[in-house]
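Step one of this worksheet: look at the structure below.
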Amino acid sequence: MKKRVLTLFAVASISFAAFTVSCSDDDKSTPSNPSSFVLDRDNLKGDIIDGEVILESGTYKLTGKLVVKAGAKLTIKPGVIIEATDFVPGAGESIRYIAISQDAEIDVRGTSSNPVVMTAATHAPAKWGGLVICGRAPINKGLTASAEVGDDLTYGGTETGDSSGSIKYLRVEYSGYAYNANKEFNGVSFFGVGNGTTVENIEVYEGSDDGFEWFGGTVNTKNLVVINSNPAAVGDDLFDWTEGWNGTNENWYGKRTNDGNRGIEADNNSNNHLADPISNPTIKNLTLIGSGTNDTSSESQAMKLRVGTKGKFDNVVLANWKTGFDVEHTEGVGYVAAGSLKATRVKFENVTTKATGKNTDGTAVAPAVINNVFSEDNTATGAGNGTATPTWAQGWTVGM
């Protein structure tokens, strides 16, 4: 009898312990630094001015702009869906977007099996503004500047190691709204973001403007995907940079089958091609796929390299473009000759013209000169599997 009682007591203790652990796992996280922000799952908008706001599981309705101010933090748990509700076109104040200000933080904690998704209620391009991040890393537009999407968002500075937080396993869908030609949202916009920020495993899907764009800064990236295929929408570039961005990057995969623009559009500074710091990223393992040589777009270029950008690319696959490399302006042509604008181990598939170039005065650059922008290698694997879906992108991406 005594033995039986002890056994029952042991079983009860184990059951209680399991119950306790289970309950603890289901409890919502309590921020160590609570915020005064009032979180409403069905009306997510406003300014987070202090503390940490945590988005747990489930769907949150983004009904306006959500701005994380200096000193505050936005944490998003695995599997969270942020869904931008419909807005009135032309009413700028109603655009839905998420912005991380200077000295604020974002912590996206997605996983390969449970990514975070930022999307729109209407599944079509240009239905919301996307994600905007502003840091204190150097730019060449001035010491600081105002982000094109909002005058209240300052970016730039002198802190190369500045951190805006961490983003892992995030999918951004149906973004890219444009107020006008000079005020455009992308999928993810990096304004002066520093290399203390972690950026890994992000997809931009069916956006109407650029997938990713860098405005100066030093942020590094790994495992980026852009997919544009909506036949009714003309997107812009898959990847775009300007204003002196310097970052080290690995594994980029971009594909468009619509009449969007280029794979990469790369600038230094359109007003001063020699503005310092000079845009000079390094990108290793890159696949860019266009919509074919029958594309009606005059901008069917895998890479447009202009207004003084430098750059190093290695292990590159370019497929289905009219032009592989288009180098424009005298500074860029000079960087090709100097070897500071160069792509090594490049594989071309269904590319009509491998490289072309012209000086600032419009004169054409001889093929013998401009073809030095690349060296060929038909064994190049690009982002991992040539034009096929990379292994690292399987499971958490869509539309591949």
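The values are calculated or read from the model by the stated rules, or taken from the named source; none is laboratory data. The structure presented is a predicted model; accordingly, all values stated were derived computationally and were not measured. Note that each Cβ is placed from the backbone with ideal geometry, even for glycine, and that neighbours are counted across all protein chains shown.
It is to be established whether one or more residues within segment 144-158 are part of a strand (DSSP E or B) and crowded, with 24+ Cβ neighbours inside 10 Å. So far as segment 144-158 goes, yes, one or more of its residues are part of a strand (DSSP E or B) and crowded, with 24+ Cβ neighbours inside 10 Å. For segment 125-142, the criterion of being in contact (Cβ under 8 Å) with a residue 12 or more places away in the chain, charged (D, E, K, R), farther than 20 Å from Asn220 by Cα and in a strand (DSSP E or B) is met by no residue. Scanning segment 178-217 for residues that are closer than 20 Å to Asn251 by Cβ, assigned to a strand (DSSP E or B) and of a type outside the set (A, V, I, L, M, F, W, C) turns up Thr198, Glu200, Asn201, Glu203, Tyr205, Glu213. Residues in segment 292-310 that are out of contact with any Ser or Thr (no Cβ under 7 Å at 6 or more places or on another chain), more than 16 Å from Gly382 (Cβ to Cβ) and modelled with pLDDT of 95 or more: Lys304, Leu305, Arg306, Gly308.
Hey, among the residues in segment 77-101 that are of a type outside the set (Phe, Trp, Tyr) and in a strand (DSSP E or B), which one's surrounded by the fewest Cβ atoms within 10 Å (Cβ to Cβ)? Of everything passing the filter in segment 77-101, Ile81 is surrounded by the fewest Cβ atoms within 10 Å (Cβ to Cβ).
When each of Pro367, Pro390 is tested for being over 16 Å from Leu286 (Cβ atoms) and touching a strand residue (DSSP E or B) at 6+ places or on another chain (Cβ under 9 Å), the lone residue that passes is Pro367.
Scanning segment 66-116 for residues that are closer than 17 Å to Val199 by Cα, among the small types (Gly, Ala, Ser) and in contact with a Lys or Arg (Cβ under 9 Å, 6 or more places away or on another chain) yields Ala99, Ser101, Ala104, Gly110. Scan segment 337-358 and give yes if some residue there is in contact (Cβ under 8 Å) with a residue 60 or more places away in the chain and either buried (at least 23 other Cβ atoms within 10 Å of the Cβ) or in the same structural domain as Gly79 (by TED's automatic domain parsing) (or both), otherwise no. No: segment 337-358 contains no residue that is in contact (Cβ under 8 Å) with a residue 60 or more places away in the chain and either buried (at least 23 other Cβ atoms within 10 Å of the Cβ) or in the same structural domain as Gly79 (by TED's automatic domain parsing) (or both).
Among the residues making up segment 113-136, those that are under 17 Å from the mean Cα position of the chain (by Cα) and more than 24 Å from Asp86 (Cα to Cα) are Cys134, Gly135. Just one of (1) more than 22 Å from Asn246 (Cα to Cα); (2) in a strand (DSSP E or B) fails for Val327. It is (1). Condition check: in the same structural domain as Ile100 (by TED's automatic domain parsing), within 24 Å of Gly157 (Cβ to Cβ) and free of Cβ contacts under 8 Å to residues at least 60 places away in the same chain. Does Gly211 satisfy that? Against the criterion (in the same structural domain as Ile100 (by TED's automatic domain parsing), within 24 Å of Gly157 (Cβ to Cβ) and free of Cβ contacts under 8 Å to residues at least 60 places away in the same chain), Gly211 does not qualify.
When Lys127 is tested against the conditions (1) crowded, with 20+ Cβ neighbours inside 10 Å; (2) modelled with pLDDT of 95 or more; (3) under 19 Å from Ser208 (Cα atoms), the lone failure is (2). Being farther than 26 Å from Ile227 by Cβ, in contact with a Phe, Trp or Tyr (Cβ under 8 Å, 6 or more places away or on another chain), part of a strand (DSSP E or B) and not aromatic (Phe, Trp, Tyr) is a description that applies to Lys342. The strands (runs of 3 or more DSSP E) located wholly in segment 240-313 that include 1 or more residues which are among the aliphatic types (A, V, I, L, M) and closer than 27 Å to Gly384 by Cβ occupy 264-266, 282-289, 301-305. Considering only residues in segment 159-177 that are among the polar types (S, T, N, Q) and in a loop (DSSP other than H, G, I, E, B), the one that is nearest to Ser101 (Cα to Cα) turns out to be Ser164.
Within segment 171-212, being within 11 Å of the chain's Cα centre (by Cα), within 21 Å of Ile95 (Cα to Cα) and surrounded by fewer than 24 Cβ atoms within 10 Å (Cβ to Cβ) holds for one residue alone: Arg171.
Out of all the residues in segment 244-257, is one or more surrounded by fewer than 22 Cβ atoms within 10 Å (Cβ to Cβ) and modelled with pLDDT under 95? Scanning segment 244-257, I find at least one residue that is surrounded by fewer than 22 Cβ atoms within 10 Å (Cβ to Cβ) and modelled with pLDDT under 95, so the answer is yes.
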